[in-house]
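Novice: Handing you a structure now.
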Amino acid sequence: MELQTLTEPTALEATMKHLSRTSLPKVLQVQQGIIRATHDFMFKKGLTQLMPLMLSPITDPLNHGVVDASIGYADQRWSLTKSMIFHKQLALVNPELESLYIVSPNVRLEFSDRADTGRHLFEFTQVDFEFRGKDRFFVMEFMEELVNYIFARLNKEIPEILIELRGELMPQYEKWPVLRTEKLEAALGSDYEKLKSEEATEPFWLINHKREFYDKEDPSRRGTYLNYDVIWPEGFGEGLSGAEREHEHKQILKRMDEVGTSTDTFRHYLEVAKAGLLPKTAGAGFGVERMTRFICRLKDVDEVTVFSRKPCTAAIF
Ligand code: ASN
């Protein structure tokens, strides 16, 4: 049978072209190297690995709208995982568990405004981690050490691939500047993240942005938030987000009200918080494809995928 009779030739041709890129196996070796080094680092640091969940009655509300991705099963609605934020917090209810991580597939059906950013996929993987009783300073230092560990391992394990794809080995970043979102926005306007990332030659932290209700508000400075993003340099933009978490019932309700999250959807989570069982935690998650893109200096994060996951683009596989 002719291929053309199977499906529209242009979609199939485009897919076959995407699958057959000669650079793809090397890009995938970089990605595999990131995951391999991450597992080793997490093991050395004593974090317990959780398997990912893809379905739950609750998932991350995110701070931007996406197309609903839920299904009906067993007389209830289940959302596809947007991030495992609540499951990270809830798993740490177990007093024997101090810290955890997950290589977590996330589905975020982005609207067309994010179709051509070069930074978004409607399905991607993040390495999500969380610690009981730690603060933002601990998590930020942990992430800096993890990044430098991954980069050193890649230099050792696949130097030729790095040279071929990015023209040089990975640096060790010693200094990670910490910038405040509101100050950067005042200086550079609404496109501050992109502009600062383009001029930066090293990753930097962006702290204090208004995000989801679970990012902790600073109790000593209401209206400011104890969260932190890593912004990759050279214009590659956001690569990680994290925060200290709200864990007190009253404060969670206040924050939910402020950002307009349904308390009904989260009623069981709120019950855990009301019983005082939600632990005090801090954590973060980094995008695996985005880190791969940054290392390989690729124009679009979709170049990391074997099967294209570009937002708002129909696929045949
Ligand atoms: N992983 C992020 C965090 O830990 C949450 C997210 O992906 N939206 O804060």
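Novice: Would a scan of the stretch 107-115 turn up a residue that is at positive phi, at pLDDT 95 or above and in contact with a strand residue (DSSP E or B) (Cβ under 9 Å, 6 or more places away or on another chain)? Working first, answer last.
Specialist: Filtering the stretch 107-115 down to residues at positive phi leaves none.
No - not one qualifying residue is present in the stretch 107-115.
Novice: Related question: Filter the helices (runs of 4 or more DSSP H) completely within the stretch 218-306 down to those with at least 2 residues that are at pLDDT 95 or above, within 16 Å of the ligand (Cβ to nearest atom) and more than 18 Å from the chain's Cα centre (by Cα).
Specialist: Numbers: elements: 249-259, 267-274, 288-296.
Hits in the stretch 218-306: 249-259.
Novice: Further, regarding this structure: If a residue must be more than 16 Å from the ligand (Cβ to nearest atom) and aliphatic (A, V, I, L, M), how many such residues does the stretch 199-217 contain?
Specialist: Filtering the stretch 199-217 for residues more than 16 Å from the ligand (Cβ to nearest atom) gives 199-204.
Among the residues that remain, those that are also aliphatic (A, V, I, L, M) are: 200.
Residues flagged as more than 16 Å from the ligand (Cβ to nearest atom) and aliphatic (A, V, I, L, M) within the stretch 199-217 amount to 1.
Novice: Name the single residue that is surrounded by the fewest Cβ atoms within 10 Å (Cβ to Cβ) among those in the stretch 92-113 being without any contact (Cβ under 8 Å) to a residue 24 or more places away in the chain and among the acidic types (Asp, Glu).
Specialist: Ranking the candidates gives 96 first.
Novice: Moving to a separate point now. Considering only residues that are without any contact (Cβ under 8 Å) to a residue 12 or more places away in the chain and either within 19 Å of residue 101 (Cα to Cα) or touching a Phe, Trp or Tyr at 6+ places or on another chain (Cβ under 8 Å) (or both), which ones fall in the stretch 40-79?
Specialist: 43, 44, 70, 72
Novice: Failed condition for residue 73, given (1) surrounded by fewer than 13 Cβ atoms within 10 Å (Cβ to Cβ); (2) within 11 Å of the ligand (Cβ to nearest atom), with all others met?
Specialist: Only one criterion is unmet by residue 73, namely (2).
The values are calculated or read from the model by the stated rules, or taken from the named source; none is laboratory data. Keep in mind it's a predicted model, so treat the numbers as computed, not measured. Positions of Cβ are backbone-derived with ideal geometry, glycine not excepted, and every protein chain shown enters the neighbour counts.
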